[in-house]
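The values are calculated or read from the model by the stated rules, or taken from the named source; none is laboratory data. Worth saying up front: this structure is predicted, and the values here are computed from it rather than measured. Cβ placement follows ideal geometry from the backbone for every residue including glycine, while neighbour counts extend to all protein chains displayed. Just so you know, the surface numbers come from the protein's heavy atoms only, side chains and all, with ligands and any DNA or RNA stripped out. Shrake-Rupley method; radii C 1.70, N 1.55, O 1.52, S 1.80 Å.
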Amino acid sequence: MNNFLQARRAGLLMLALSMAVLPLLMVNSFHYDIAIMIGINAIVCVGLNLLIGYAGQVSLGHAGFFALGAYASTILTDSYGWPSIVAMLAGALLVGVLSFIVARPILRLKGHYLAMGTLGMGIIISIILNQEVDLTGGPDGMPVPSFVIFGWEPYGNQVWYWIVAIALFISVVVALNIVESPIGRALRSLHGSELAAGTMGVDTLRFKVLIFVVSAVMASLAGSLFAHYSGFLTPTEGDFFRSIEFVTMVVLGGMASTFGAVIGAAILTILPQILAAFHDYEMMMHGLVLMGIMIFMRKGLVPTISGWLRRKPS
Amino acid sequence: MTTLFAKNIKRLIPVIAALGMTAGVAGAAEPIKIGTFLAVTGPASFLGDPELKTLQLYVDKINSDGGVLGRKLELVHYDAQHKAKSAITFVKRLINQDKVDIIIGGSTTGTTMAVIKLVERAEIPFISFGGAGVITDPLKKWVFKTPHTDKLAVQKIYSDMKKRGLTKVGVISGAGGFDKSCRKNAQTLAGTMGMTIVADESYGKGDTDVTPQLTKIKNAKGIQAMLFCGFGASSSIVAKNFKQLGMKIAHYHSHGSASAKFIKGSDGAAEGVRLPAAALLVAEQLDDSNPQKAATMAYRKAYMAKYNEPISTFGGHAYDGLMIAVNAIKRAGSTDKAKVRDEIEKTSNFIGVDGIFTMSATDHLGLDEKSFVMVEVKNGTWKLLK
Amino acid sequence: MSAQFLQFLFSGITVGAIYALVGVGFSVIYNSSNVINFAQGEFVMIGGMATVFLSAAGVPLPLAIILAVLAAVIIGYLVEKLAIEPAKGSSVVNLIIITIGVSIFLRGLAQVVFDRNFHSLKAFSGTEPIQIAGASITTQSLWVIGGLVIATLVLGWFFNRTLTGKAMLATSYNKDAAKLVGINTGRILQLSFMIAAFLGAVSGILIAPIALTYANVGVMLGLKGFCAAMVGGLGNPMAAIAGGLLVGVAEALTAGYLSSAYKDAVAFIIILLVLFFMPSGLFGRKEVDKV
């Protein structure tokens with residue numbers, strides 16, 4: 001227990017430090033843009049990691065929640081003139097209610113059936129966003145009004161960097177608290193063996209539902225931030241491939257590792273920028289990288305590397 | 001060890017000096033950086049692929065002819081697919097990291113609209129290849145475009161229908177941005193041009209059969225013509241299903257079908273389809289007196305010689321965009337962004353592939369209806385309708 | 001029964017047969033490995049594209065078809081050998097991401113080896129449609145449906161009558177027991193990928209005259225095929241065929257009678273309903289948790 005608290009404090013300190021030092025290394029607003037996108041993706045991944053890593057439940061539909069939050073913010077501020085913060089919270093509430101409704105039937109599914117259920121849900125959301133042109137602008141998307149917090153309008157990538165950094169830090173703290181709460185311990189028992197947890201009298205479904213809703217709401221809030229930051233929104237943010245991207249970030253960083261989720265988000269956000277140099281071979285490289293990491297580091301980066309470090313007495 | 005080190009250092013000195021010198025020389029004639037982001041892969045690759053090939057072809061050509069203002073052109077390209085988010089990130093990279101002098105491209109309306117805020121704020125000239133009218137209307141100071149608007153295309157189609165006495169239309173459209181925008185224009189223009197839409201159907205991404213939708217259109221009351229808003233493989237699938245159902249009404253497509261692939265892919269079912277297209281598609285049928293003939297024929301020849309595949313009109317947007325940019329840089333005598341922007345706006349009587357461009361402070365497209373022609377598929381090839 | 005309904009039905013069966021052929025591939029692989037192969041649609045693409053490019057290069061069509069199918073089968077083998085086998089024992093999520101990686105890789109490869117355009121094959125027996133009771137169906141649709149019927153019969157015979165087929169079934173029921181009785185489960189896995197690739201490539205060729213073919217043609221087909229396999233119940237090839245036809249007909253009827261804009265959502269709504277009320281698919285067997 002003490003050990004964990006120490007590790008946790010060290011991890012949070014590392015995160016805060018690297019977020020504070022990062023701006024020294026970034027020389028232009030393109031670098032900031034990448035850092036901000038990493039932060040936004042990481043918020044989704046930290047939530048999704050609770051679901052995949054700790055509760056052991058796959059979701060191939062979380063981009064749907066991300067996009068719902070983004071569109072709720074956009075439509076409510078743009079068409080109805082709501083204040084950004086209120087719109088953002090309304091979006092989160094909507095996603096919370098929706099995910100709560102679908103959670104029970106979906107989470108009763110297992111393995112590939114669960115994957116298919118969440119995939120279907122995500123695709124239905126994506127189809128609606130594409131089809132309701134009058135509301136969402138359809139596939140060509142719609143511009144998003146600026147973010148306004150109590151009359152203050154954040155402008156420029158540096159300001160956005162700090163907003164996203166703080167949001168990410170809060171998400172990580174929330175996630176770590178959930179992991180160490182009684183719920184979290186119940187969750188970890190789930191991943192070990194659901195049957196065993198069930199016989200011990202743990203209401204597994206209730207915990208899974210709770211985590212599903214928490215991760216969906218985190219995705220929704222990240223989506224709202226994304227929409228306001230990028231200033232333009234298209235339904236590709238909610239499609240199947242975006243969902244896969246989120247899941248891959250979590251698995252790549254290392255399941256059941258909150259900091260791993262952040263690192264996974266960072267790597268996969270930077271990857272397309274590196275692969276852009278391959279031009280025609282970009283897609284092939286992308287596929288190879290995904291395969292390679294999943295085959296050779298099947299536990300994900302952070303657990304694999306920390307495993308190596310532990311093995312080698314330094 | 002030390003001697004080896006010293007030797008190496010000595011050997012390095014001339015190299016370093018040379019590097020410094022070339023850097024100095026390069027400073028005098030640094031390349032002009034043209035940034036572009038296109039949908040080279042993904043569902044909109046039918047646009048981005050010929051666009052990129054065209055840009056590469058003509059950048060090489062211009063460079064082997066000595067470049068522009070004595071400087072070489074350097075094309076900086078990223079594949080943003082059809083994704084707004086990638087477009088935003090890559091345009092930031094073009095502006096802040098690569099420090100390009102001008103941006104051309106953006107294959108789709110969505111990716112273009114997503115970056116407008118950025119280019120306006122960065123004050124860098126931007127020529128889009130996106131279709132929709134909203135890109136330059138309302139006007140944005142730094143944003144230009146080369147393709148005809150889809151509104152113009154629908155107007156063209158409706159006037160042709162009216163000429164034939166057809167007023168009752170069934171519309172079928174796909175799930176893409178291009179499709180939806182075309183459908184919307186078809187709806188809004190129907191009112192002002194005295195047309196009635198009696199059926200409105202759509203199909204999904206990657207659909208392999210649309211006979212249910214066409215059956216409904218076929219059975220719609222009083223229907224006289226069908227308008228298809230879409231592109232790619234769907235164009236051929238619609239044509240084939242149309243033939244399968246033995247439909248006899250007039251058959252119109254949007255300019256999204258304006259490629260030889262459509263006719264070939266339809267296996268004979270494209271016969272009789274009418275669509276609006278850039279004159280490029282029927283370059284050889286233009287009158288010799290038509291000023292566009294030489295430009296379109298030259299582009300076609302160059303493209304087919306290099307890539308050994310038929311041209312599509314989409315590559316033409318890229319040709320015009322590049323040439324308008326290059327001409328503006330020449331006239332400005334520098335790559336000063338404000339000057340180049342002003343010169344693009346002053347583009348006048350530029351004979352391009354898409355048409356003859358005359359831009360102004362109120363018109364950042366500069367094309368009129370004349371450069372858009374109606375064609376019909378006859379005997380497996382395009383026939384210019386006069 | 002109106003001519004209009006019959007027309008919708010023809011469309012549904014044609015499309016459903018395509019989904020079914022793709023769906024069977026999912027089932028065959030799932031059966032022997034518990035892997036959902038998200039690259040199944042890419043086998044369809046390889047079959048179609050390779051045939052188009054070979055015949056464009058002057059290879060006679062029948063030979064081009066054989067070579068294309070052969071290429072797909074070899075790629076199927078390589079996928080198993082190089083991407084699935086090294087990941088033995090990985091979690092469901094890992095395997096999903098690996099096969100998605102394979103799918104992205106193969107699409108990228110196709111864009112380099114072939115091109116980014118769409119292509120068509122000429123219909124095998126002409127383009128004149130056949131009229132039945134006021135509705136029409138193309139001869140190519142009959143080829144696709146025929147292909148499905150033959151695939152069904154051959155697979156049925158293979159799984160029930162041949163030793164290898166029985167070994168594959170045995171492996172799907174209990175891998176460890178199969179190993180104990182001397183079945184080489186590794187070989188079975190490779191074989192299942194080759195069969196899936198074969199089925200995918202053949203359907204890709206059969207549908208090329210209808211749906212055309214391009215580097216990304218497998219994306220949506222793969223997802224719909226997955227739906228087909230899922231609705232029927234994973235791991236049962238015959239159920240996948242029923243599932244495919246069901247999804248195809250439901251889509252066509254929705255497009256015809258309800259809303260064509262939301263036709264695509266239908267497949268997924270059916271999936272959700274089936275999963276919610278019959279969590280193992282319509283004809284599937286129950287997935288039992290092992291302690």
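Averaged over peptide A:118-128, the number of partner chain Cβ atoms lying within 10 Å of each residue's Cβ comes to 6.
When cysteine pairs in the protein assembly as shown are screened for C-beta atoms closer than 4.7 angstrom, the residues that find no partner are A:Cys45, C:Cys227. Net charge around A:Leu275, counting only other residues with Cβ within less than 15 Å of its Cβ (Lys, Arg = +1; Asp, Glu = -1)? Value of the local net charge: -1. With contributions of -39500 (n - 2.57) from each DSSP H run of at least four residues, the per-residue ellipticity at 222 nm computed over the protein assembly as shown stands at -21000 deg cm²/dmol. Split the accessible area of the protein assembly as shown by element, probe 1.4 Å, and carbon with sulfur accounts for 65%. For the protein assembly as shown, the solvent-accessible area of protein heavy atoms averages 38 Å² per residue (probe radius 1.4 Å; ligands and nucleic acids excluded). Each other residue within a Cβ distance under 13 Å of A:Val102 adds +1 if Lys or Arg and -1 if Asp or Glu, for a net charge of +3. Peptide C:7-17 has a mean shielding of 4, counted as Cβ atoms of other protein chains within 10 Å of each residue's Cβ. 3J(HN,Hα) along segment A:92-104, derived from phi through the Karplus expression 6.51 cos²θ - 1.76 cosθ + 1.60 where θ = phi - 60°, amounts to 4, 5, 4, 5, x, 5, 4, 5, 5, 5, 7, 4, 4 Hz, with x in place of Gly and Pro.
Surface burial for C against B, with a 1.4 Å probe and both sides summed, reaches about 2900 Å² of accessible area.
Measuring nothing but how far apart in sequence close Cα pairs (under 8 Å, 6+ apart) lie, relative to its length, chain A scores a relative contact order of 33 percent.
Take each residue in C:225-231, count the other chain C-beta atoms within 10 Å of its C-beta, and the mean is 3. Taking other residues whose beta carbon is less than 13 angstrom from the beta carbon of B:Cys182, and scoring Lys, Arg as +1 and Asp, Glu as -1, yields +1.
Comparing C:Phe226, C:Phe38, C:Phe159 in a Gaussian network model of chain C where C-alpha atoms under 10 Å apart are linked, the largest mean-square fluctuation is found at C:Phe159. Segment A:239-309 and segment B:192-247 have their alpha-carbon centroids 43 Å apart. How far is the Cα center of segment C:27-78 from the Cα center of segment C:80-114, in Å? With segment C:27-78 and segment C:80-114 each reduced to a Cα centre, they are spaced 15 Å. For A:Tyr80, the accessible surface of its heavy atoms amounts to roughly 140 Å² (probe 1.4 Å, protein chains only, rounded to the nearest 10). Rolled with a 1.4 Å probe across the full set of protein chains, the surface gives A:Val95 an accessible area near 0 Å².
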